[in-house]
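The values are calculated or read from the model by the stated rules, or taken from the named source; none is laboratory data. As the structure is a prediction and not an experimental result, all values here were calculated from the model. Positions of Cβ are backbone-derived with ideal geometry, glycine not excepted, and every protein chain shown enters the neighbour counts. Note: accessible area is taken over every heavy atom of the protein model, side chains too, but ligands, DNA and RNA are not part of it. Shrake-Rupley method; radii C 1.70, N 1.55, O 1.52, S 1.80 Å.
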Amino acid sequence: MKQAYTEAYFKASADYVLEKAGFAPEIGVILGSGLSPLGEAVENAIEIPYADIPNYLVSTVQGHAGKLILGTVAGKKVVCMSGRFHTYEGYDPEELTAPIRLFKLLGCKAAVVTNAAGGVNTDYKPGDIMIISDHIKLMGDSPMRGRNVDEFGPRFFDVSKMYTPELREIARRLGKDSGLTIHEGCYFFMTGPQFETPAEIRAIRILGGDAVGMSTVTEALTAAHCGLPFLGLSVITNMAAGILDQPLGHTEVIETANAIRDRLTAYVKAIIAEI
Ligand code: HPA
């Protein structure tokens, strides 16, 4: 029988995490491919493997550690997901609501999410950051498909300010002193796991995408549904397919992420301090 995703189902995860951690975090952080160094910067860290958490998921991607890290960053109590869940791993879309619903039930007041993305806008370069202002998702079911869980939010919900303007303003302002090149633009979701074809990238550019990636939108939608302020940051790890005459691979994604890791960690820490 299909799992009933009730509030109690998600609360079992939250109760376990609160008991293990002994405190309630204020900010939830999700770290994308090769972007886990921030997890190492958590002070007084308590680590909880995903596999130990009731009704939680297990991540399967190389470069994703698969644990919650709870502790302090820049004086704020945080819960960090080192390793995230993607549609292409085969989860059903409703399962992908688990991380953000966990943050909400733990008492977080904001979520900060990073991802690796391909640059579609030709003004972008590998190593640049894009503050996500909006997204386009034409493929893949909504994570809110199925019976609505009224405790989290209404059946029909507004997504016009899903990427919270006040958090984007903080990210823009702190971006100036970050030593990183910061853009703001539209994230185009593709289900993957294959990278895109050059024709798809041309289409995405015409449709208004500035960067392309395989994550984050289910989390942003879940946050909008339960009213959790949300900030999404894309690391442009490569130019999208067909822009440069070279094949794409996960190694390039990880290498670019590594090259900016210290500046990105400092930038995300500064943002967390201000939220
Ligand atoms: N396409 C989709 N997802 C990605 C890419 C890309 O080029 N780079 C990193 N994640």
Conditions (1) within 16 Å of the ligand (Cβ to nearest atom); (2) in contact with a helix residue (DSSP H, G or I) (Cβ under 7 Å, 6 or more places away or on another chain); (3) free of Cβ contacts under 8 Å to residues at least 60 places away in the same chain; (4) of a type outside the set (K, R); number of the one not met by S133
(1)
Does segment 121-139 contain any residue that is crowded, with 24+ Cβ neighbours inside 10 Å, over 26 Å from T251 (Cβ atoms) and out of contact with any Cys (no Cβ under 6 Å at 6 or more places or on another chain)?
no
Does any residue of segment 105-114 turn out to be touching a strand residue (DSSP E or B) at 6+ places or on another chain (Cβ under 8 Å), modelled with pLDDT of 95 or more and within 16 Å of the ligand (Cβ to nearest atom)?
yes
Suppose we keep only residues that are modelled with pLDDT of 90 or more and touching a helix residue (DSSP H, G or I) at 6+ places or on another chain (Cβ under 7 Å) within segment 234-264. Which one would you say is nearest to R205 (Cα to Cα)?
A240
Only one residue in L221, L233 is touching a strand residue (DSSP E or B) at 6+ places or on another chain (Cβ under 7 Å) and either within 25 Å of L38 (Cα to Cα) or touching a residue at least 24 places away in the same chain (Cβ under 8 Å) (or both), so which one is that?
L233
Flagged pairs (Cβ under 8 angstrom, 6 or more apart or on separate chains; first in segment 156-171, of a type in the set (K, R); second open to solvent by 60 Å² or more (accessible area, probe 1.4 Å)) are R168/E184
Between residues in segment 77-93 that are at pLDDT 90 or above and residues that are in a strand (DSSP E or B) and among the basic types (K, R), which pairs lie under 7 Å by C-beta distance while being six or more apart or on different chains?
none
Scan segment 202-256 for residues that are surrounded by fewer than 17 Cβ atoms within 10 Å (Cβ to Cβ) and away from the ligand (no atom under 13 Å from the Cβ) and jot them down.
R202, A203, I206, L207, G208, G227, D245
For segment 100-120, does any single residue satisfy the condition of being farther than 24 Å from M162 by Cβ and open to solvent by 10 Å² or more (accessible area, probe 1.4 Å)?
no
Can you tell me which residue among M190, M162 is within 16 Å of the ligand (Cβ to nearest atom), modelled with pLDDT of 95 or more and crowded, with 18+ Cβ neighbours inside 10 Å?
M190
Condition first: open to solvent by 30 Å² or more (accessible area, probe 1.4 Å) and either at pLDDT below 90 or closer than 28 Å to I236 by Cβ (or both). Now tell me which residues in segment 44-60 satisfy that.
A51, V58, T60
Restricting attention to segment 202-219, which residues are farther than 11 Å from S234 by Cβ and acidic (D, E)?
E219
Pick from segment 140-151, criterion open to solvent by 50 Å² or more (accessible area, probe 1.4 Å) and over 22 Å from the mean Cα position of the chain (by Cα), ranking: farthest from V112 (Cα to Cα)
R147
